[in-house]
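*Asks:* The structure follows.
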Amino acid sequence: MDFIWQALPAIISTVTLGVVGFVSKKVMDFLREFKAQHAALMESQRNQLKASIVATYERVVARGWITPMELESVNREFDSYKKLGGNHYIHSLVRRMNEEIPVKGEPIPTD
């Protein structure tokens, strides 16, 4: 019976190592999947912001002017788009809406 007590630390360490290895593999698999899903969601959000900015741009160019509320909204969307890694294509559209397209309409309410 003494040999069991002598072998017990080796048995416990082997089992513990196996459990830790199993759990760490599961955690790593979960993190890999989470990272892939997160990247897909960020790409999707960036594409939605890009589509919204382009739609606003096309609408205001066709109309010939932009309202203050549209301009504020597009600037906020652009800030989010940049934070998500957006590119200079949209930057040029937003710059044009801010600098070249006349602003008309009611000002943004302050209350």
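The values are calculated or read from the model by the stated rules, or taken from the named source; none is laboratory data. Just so it is clear, the structure is predicted and the values come from calculations on it, not from any experiment. With ideal geometry, Cβ positions are generated from the backbone for all residues, glycine too; neighbour counts draw on all protein chains shown.
*Asks:* Quick one: in the stretch 78-89, which of the residues that are surrounded by 19 or more Cβ atoms within 10 Å (Cβ to Cβ) and either at pLDDT 95 or above or among the aromatic types (Phe, Trp, Tyr) (or both) is nearest to the chain's Cα centre (by Cα)?
*Replies:* Step one: of the stretch 78-89, the residues surrounded by 19 or more Cβ atoms within 10 Å (Cβ to Cβ) are 78, 81, 86.
Of the ones still in play, those that are also either at pLDDT 95 or above or among the aromatic types (Phe, Trp, Tyr) (or both) are 78, 81.
Numbers: Phe78: 13, Tyr81: 9 Å.
Per the stated criteria, the residue is Tyr81.
*Asks:* From the list Gln37, Gln45, which one is surrounded by 13 or more Cβ atoms within 10 Å (Cβ to Cβ) and either aliphatic (A, V, I, L, M) or not in a loop (DSSP other than H, G, I, E, B) (or both)? Before the answer, list the steps.
*Replies:* Working: Gln37 fails: surrounded by 13 or more Cβ atoms within 10 Å (Cβ to Cβ).
After ruling out the rest, the residue left standing is Gln45.
*Asks:* What number of residues within the stretch 60-107 are assigned to a helix (DSSP H, G or I) and in contact (Cβ under 8 Å) with a residue 40 or more places away in the chain?
*Replies:* Taking the stretch 60-107 as the starting set, the residues that turn out to be assigned to a helix (DSSP H, G or I) are 60-63, 68-83, 88-99.
Filter once more, so that each one left must be in contact (Cβ under 8 Å) with a residue 40 or more places away in the chain: 60-61, 68, 90, 93-94, 97.
Looking only at that region, the number is 7.
*Asks:* Turning to a different aspect of this structure: Does Ile11 count as surrounded by 10 or more Cβ atoms within 10 Å (Cβ to Cβ), in contact with a Phe, Trp or Tyr (Cβ under 7 Å, 6 or more places away or on another chain) and part of a helix (DSSP H, G or I)?
*Replies:* Details: surrounded by 10 or more Cβ atoms within 10 Å (Cβ to Cβ): yes; in contact with a Phe, Trp or Tyr (Cβ under 7 Å, 6 or more places away or on another chain): no; part of a helix (DSSP H, G or I): yes.
Taking the combined requirement at face value, the residue does not satisfy it.
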